[in-house]
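Just so it is clear, none of the values below were taken in a lab; they were calculated from the coordinates. Because the structure is predicted, anything quoted here is derived from the model rather than measured. Every residue, glycine among them, receives a Cβ derived from its backbone with ideal geometry; neighbour counts consider all protein chains shown.
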Amino acid sequence: LYGVQPTFTLTGLIIKDFLKLSGYYAPYEFMDLQTMLKHQRELQYHQSIDVGDASLTLVNAGHIPGSAQALITSEGKRLLYTGDFNRQPTRLVDGADPSNYKDLDAIIIEGTYATEDHPMRDGLEKEFVEKVTEVVEGGGTVLVPAFGVGRSQELLSVLSAYHFEHPVFVDGMALDAMEMLLKYPSSLRDSSVFERASKMAHWVDGWNDRRRAAKTAGVIISPAGMLKGGASVFYMENVAAKKQNAVFMVSFQVPGSPGRILLERKKFVIHGKARPVDARVERFDFSSHGGRRELELTLSDLDKKTKVFIVHGAEGNCKKLAEWASKEQGLDAKAPKTGDVIEI
């Protein structure tokens with residue numbers, strides 16, 4: 001099991017949380033997690049290791065701290081598997097390096113947002129901070145439901161970088177992940193910004209802190225990002241009814257999730273009932289994936305010899321991106337189906 005820290009540390013955190021929430025329905029147990037982590041082999045970015053007859057090198061994916069793209073060299077051929085990646089730098093991590101996409105014989109690339117552009121980070125950050133400040137200075141509370149790993153820490157770093165001067169509360173798994181990331185400063189784009197951000201935050205400890213945060217003119221960053229559980233549900237119940245408050249959604253929302261229903265209908269589903277929300281509701285597209293612009297740029301960077309396989313895209317995204325790569329870039333691009341066997 002190969003990876004770059006803090007991947008293994010964060011994996012343990014996420015799977016433990018999954019097991020706790022899944023109860024009897026999980027396909028594996030805590031003992032299996034321990035067994036898996038015993039097989040971990042920690043690598044550094046750009047460090048090569050022999051695996052059988054092949055060589056493996058991990059390079060920064062720009063997705064979250066520790067995320068990696070896998071470069072496999074075998075029999076003189078070079079294959080890159082991108083996994084989830086992002087070329088835009090964020091406050092948390094540097095973007096993926098364009099030099100990774102040169103001199104490849106094949107690439108397996110994600111197509112998650114092949115038909116959708118994301119806003120540039122600088123403008124998005126500025127808009128987010130301005131609107132948060134507007135609500136807080138008007139006496140309101142801003143709830144930011146966010147993924148516990150990556151998104152929560154990025155948004156805290158954004159507020160710190162813009163010298164936000166009002167209270168910021170961080171809760172739930174976001175605190176555990178923040179504590180872990182502080183131990184791996186080399187995984188961060190600017191560890192000093194992150195350390196300063198961690199010090200400006202109020203680390204929520206227990207229900208008294210939660211009740212205080214819900215009544216304070218400030219910002220609350222808390223999982224779950226889709227409002228399906230975690231402390232964000234408690235906060236949502238407390239901020240939803242007041243017009244001076246706001247709920248700023250910053251994570252992907254699965255269709256049918258409470259967060260998606262909130263964005264589409266301005267209602268919050270709690271205890272099986274959809275309740276109207278008077279608080280201001282907005283979405284900020286802080287994606288950790290490359291959008292159409294970055295995906296097309298990456299395909300444009302490839303040598304003409306590179307065979308392209310596009311995966312991980314919904315509603316025909318992979319096929320559309322493959323057609324664009326073939327037509328506009330002259331690449332041999334395909335959107336393979338599950339079970340397809342391809343010889344390189």
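Worth a mention:
- Over segment 121-283: Kirkwood hydrodynamic radius from C-alpha pairwise inverse distances, Å: 15.6
- Calculated from the alpha-carbon coordinates, the chain shows an Rg and a Dmax of 21.2, 64 Å respectively.
- The H on the amide N of Val281, modeled in the peptide plane, is under 5 Å from the matching H of Val247, each at least 5 residues off or on a different chain.
- From phi via Karplus (6.51, -1.76, 1.60), per-residue ³J(HN,Hα) for segment 40-57 in Hz, x at Gly/Pro: 5, 10, 7, 10, 9, 4, 6, 7, 9, 9, 7, 10, x, 8, 10, 10, 10, 10
- Rg over Rh, two decimals, segment 123-195 (C-alpha only, Kirkwood Rh): 0.97
- Averaging Cα coordinates gives a centre for segment 265-344 and one for segment 151-185; these two points are 28 Å apart.
- Each peptide among 243-249, 336-342, 78-84 gets the average number of other Cβ atoms lying within 10 Å of its residues, and from highest to lowest they stand as 243-249, 78-84, 336-342.
- With 5 Å bins from 0: P(r) over segment 224-344, alpha-carbon pairs, percent: 2, 10, 17, 16, 10, 8, 9, 10, 9, 6, 3, 1
- Residues of segment 248-270 with amide N under 15 Å of a point placed 7 Å along Cα→Cβ from Glu237: 268-270
- Only helices enter the 222 nm calculation for the chain: every DSSP H run of n ≥ 4 contributes -39,500 (n - 2.57), and dividing by all residues gives -10500 deg cm²/dmol, rounded to 500.
- Gyration tensor (Cα) of segment 79-170, equivalent ellipsoid semi-axes in angstrom: 34, 12, 12
- Listed by chain and number, the lysines whose C-alpha is less than 26 Å from the C-alpha of Lys16, apart from same-chain residues fewer than 8 away, are Lys38, Lys183, Lys228.
- Part-to-part distance (alpha-carbon centres) for segment 29-70 and segment 189-216, which is given in Å: 31
- In order along segment 138-144, the phi-based Karplus estimate (6.51 cos²θ - 1.76 cosθ + 1.60, θ = phi - 60°) of 3J(HN,Hα) comes to x, x, x, 10, 9, 8, 10 Hz; Gly and Pro are listed as x.
- Hydrophobic long helices, here whole DSSP H runs in the chain with Kyte-Doolittle means of at least 0.0 and Cα atoms spread over 18 Å or more along the helix axis, are found at 7-22.
- Projecting the Cα atoms of Val204, Leu155, Leu124 onto the dipole axis of the chain, where Lys and Arg carry +1 and Asp and Glu carry -1 at the beta carbon, places Val204 farthest toward the positive end.
- Of Pro167, Thr82, Leu13, farthest towards positive along the dipole that unit charges on Lys, Arg, Asp, Glu beta carbons give the chain: Pro167
- For peptides 98-111, 215-228, sequence by mean Cβ density within 10 Å, most packed first: 215-228, 98-111
- Each Lys and Arg Cβ is given +1 and each Asp and Glu Cβ -1; about its Cα centre, segment 121-283 then shows a dipole of about 700 debye.
- Dimensionless Rg ratio for segment 1-142, taking C-alpha atoms and the 2.2 N^0.38 Å reference: 1.35
- Under 5 Å from the amide H of Gly313 lie the amide H atoms of Gly111, Cys318, each residue being 5 or more positions distant or on a separate chain, with H modelled from the backbone and absent for Pro and chain starts.
- Net dipole in debye of the chain [+1 Lys, Arg Cβ; -1 Asp, Glu Cβ; about Cα centre; nearest 20]: 1180
- Under-5 Å amide H pairs with Ala68, H placed in peptide plane, nonlocal only: Ala61
- Straight-line cross-link reach from Lys77 at under 14 Å between alpha-carbon atoms covers these aspartates and glutamates, not counting any fewer than eight positions away in the same chain: Asp53, Asp103, Asp105, Asp303, Glu343.
- Segments 120-129, 86-95 sorted - mean Cβ within 10 Å per residue, highest first: 86-95, 120-129
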